[in-house]
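Encoded as structure tokens, the structure appears first; notes follow it.
Coordinate-derived values only; no laboratory data. Model, not experiment: these values are computed from the prediction. Cβ atoms come from the backbone with ideal geometry, glycine included; neighbour counts cover every protein chain shown.
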Amino acid sequence: SSYNVAVVGATGAVGNEMIRVLEERNFPVRELTLLASERSLGIDIDFKGKSIPVKVLDENSFAGIQIGLFSAGGSVSERFAPIAAAAGCVVIDNTSAFRMAPDVPLVVPEVNPEAIAQYKTKGIIANPNCSTIQMVVALKPIHDVARIRRIVVSTYQAVSGTGKKAITELAEQTRALMNCQEIQVKVYPHQIAFNCLPHIDVFLDNGYTKEEMKMVNETKKIFNDPAIAVTATTVRVPVFFGHSESVNIETEKKITAEEVRKLLATAPGVRVVDNPKENAYPLAIHAVGQDDTFVGRIREDESIPNGINMWVVADNIRKGAASNAVQIAEVLIRDYL
Ligand code: A2P
Ligand code: 11C
């Protein structure tokens with residue numbers, strides 16, 4: 001059978017990739033509805049050789065639609081996801097609006113596909129934050145055998161995580177600076193070209209950013225392990241696509257670097273690239289366009305008895321957002337619809 005699917009935020013960085021991933025993975029789409037704001041009226045987007053006009057999202061957009069992939073920002077999801085669910089559409093929401101709601105599953109198919117069953121209560125499944133997704137894909141196999149007690153993560157995140165406007169801002173600032181011209185600073189509070197900003201999303205009262213606390217709270221929920229200790233520093237870097245992460249873990253049981261390498265070599269969704277002598281390690285430029293999470297620089301943390309360091313890279317728009325959402329939809333139709 002095939003399904004009527006809507007993409008909400010179809011003209012955005014993630015929404016557009018959702019359309020590409022549906023096409024590439026040959027998701028059984030009967031009819032594809034593309035939704036955005038009135039700013040996008042008149043835009044057509046190709047899907048499987050057909051040009052589809054973008055429609056304006058409103059309360060009546062979801063009649064007859066079975067699956068809605070949402071990526072138009074938290075406030076749009078807060079308002080429209082319940083409306084879609086009430087119309088019988090299962091919402092797979094890429095925003096942070098519902099991730100921590102106790103009756104909304106937060107799912108990475110390689111890690112906790114069984115959680116999808118919970119979708120029936122609200123009709124909503126949440127897609128985690130991009131920086132969380134790639135970290136848990138890499139850590140799940142280790143957690144299963146050695147039990148991770150604590151994670152210390154620092155991220156190097158691409159501007160595409162902020163959306164289309166930020167991609168333009170990095171390109172324009174780079175061009176301007178290379179031509180000795182004045183730059184415009186609009187999307188971020190500071191220049192992003194040739195710079196690193198230890199600031200992603202808004203600052204909270206505890207001194208952390210919201211992005212950092214997403215990594216803490218979402219990891220506990222996805223692993224269904226409130227005891228796991230997580231601390232994060234999230235940094236925006238002048239990279240267009242692909243988030244990189246330095247991940248340090250402390251495990252209950254000793255696990256060697258060689259054992260981690262072996263474990264990850266057969267883990268779903270993981271590709272080990274770890275041959276430093278040949279300068280082989282995961283790179284953002286190699287992860288772009290891929291759905292795997294790349295892991296390398298695997299080594300024992302010699303400062304503690306049971307510690308591992310690694311470098312984890314993925315395409316934030318694909319595995320971090322669009323591909324993970326479509327993979328959730330694939331499990332949903334296989335096991336539930
Ligand atoms: P539009 O292009 O019409 O503004 P990005 O994260 O790359 O900035 O993209 C955001 C996506 O969310 C775009 O497709 C954008 O559509 C859509 N969007 C933003 N606000 C709304 C809204 N109020 N209603 C519908 N779609 C929205
Ligand atoms: C970034 N992680 O790179 C953010 C983007 O909660 O879905 C995704 C925000 C989210 O800026």
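Below is a table of values for the structure above.
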| item | result |
| --- | --- |
| Most fluctuating residue given options 121, 162, 234, as computed from a GNM of the chain linking Cα atoms under 10 Å | 121 |
| Per-residue HN-Hα couplings for region 226-239 [Karplus 6.51, -1.76, 1.60; θ = phi - 60°; Hz; x = Gly/Pro] | x, 7, 5, 8, 10, 9, 9, 10, 10, 10, 8, 10, x, 10 |
| Cα-based helix-to-principal-axis angle, 210-222 vs the chain, degrees rounded to 10 | 90 degrees |
| Gain on full stretching of the segment that runs from residue 38 to residue 259 - 0.36 nm per residue minus C-alpha separation | 74.2 nm |
| Nearest-ten-degree value, helix 130-146 long axis tilted from longest Cα axis of the chain | 50 degrees |
| Integer Hz, Karplus 6.51/-1.76/1.60 couplings in order for region 199-204, x for Gly and Pro | 7, 10, 6, 8, 7, 9 |
| Additional length obtainable on full extension of the chain from residue 275 to residue 101, 0.36 nm per residue less Cα span | 58.5 nm |
| Difference of contour (0.36 nm per residue) and Cα-Cα distance, residue 337 to residue 171 | 55.5 nm |
| Long-range HN-HN contacts of residue 280 with modeled amide H, under 5 Å | 275 |
| Point-to-point label distance, residue 120-residue 31, nm (Cα→Cβ direction, 7 Å offset) | 2.8 nm |
| Out-of-range pairs (alpha-carbon distance over 20 Å; input 55/319; 140/214; 140/253; 140/319; 140/262; 122/164) | 55/319; 122/164 |
| Among 266, 293, 219: highest mean-square fluctuation, GNM of the chain, C-alpha pairs under 10 Å | 266 |
| Structure-based [θ]222 nm, the chain - -39500 (n - 2.57) summed over DSSP H runs of at least 4, per residue, nearest 500 | -9000 deg cm²/dmol |
| Of 195, 324, 179, the one that fluctuates the most in a GNM where the chain has Cα springs shorter than 10 Å | 179 |
| Sequence-distant residues sharing a close amide H with residue 125 (under 5 Å, placed H) | 91, 92, 93 |
| Rounded tilt (10° steps) of 74-86 against the dominant C-alpha axis of the chain | 60 degrees |
| In nm, spacing of pseudo-spin labels at residue 180 and residue 302 (7 Å Cα→C-beta vector) | 4.8 nm |
| ³J(HN,Hα) computed for each position of region 183-198 - Karplus, 6.51 cos²θ - 1.76 cosθ + 1.60, integer Hz, glycine/proline x | 9, 10, 10, 10, 6, 9, x, 9, 4, 9, 4, 6, 8, 10, 10, x |
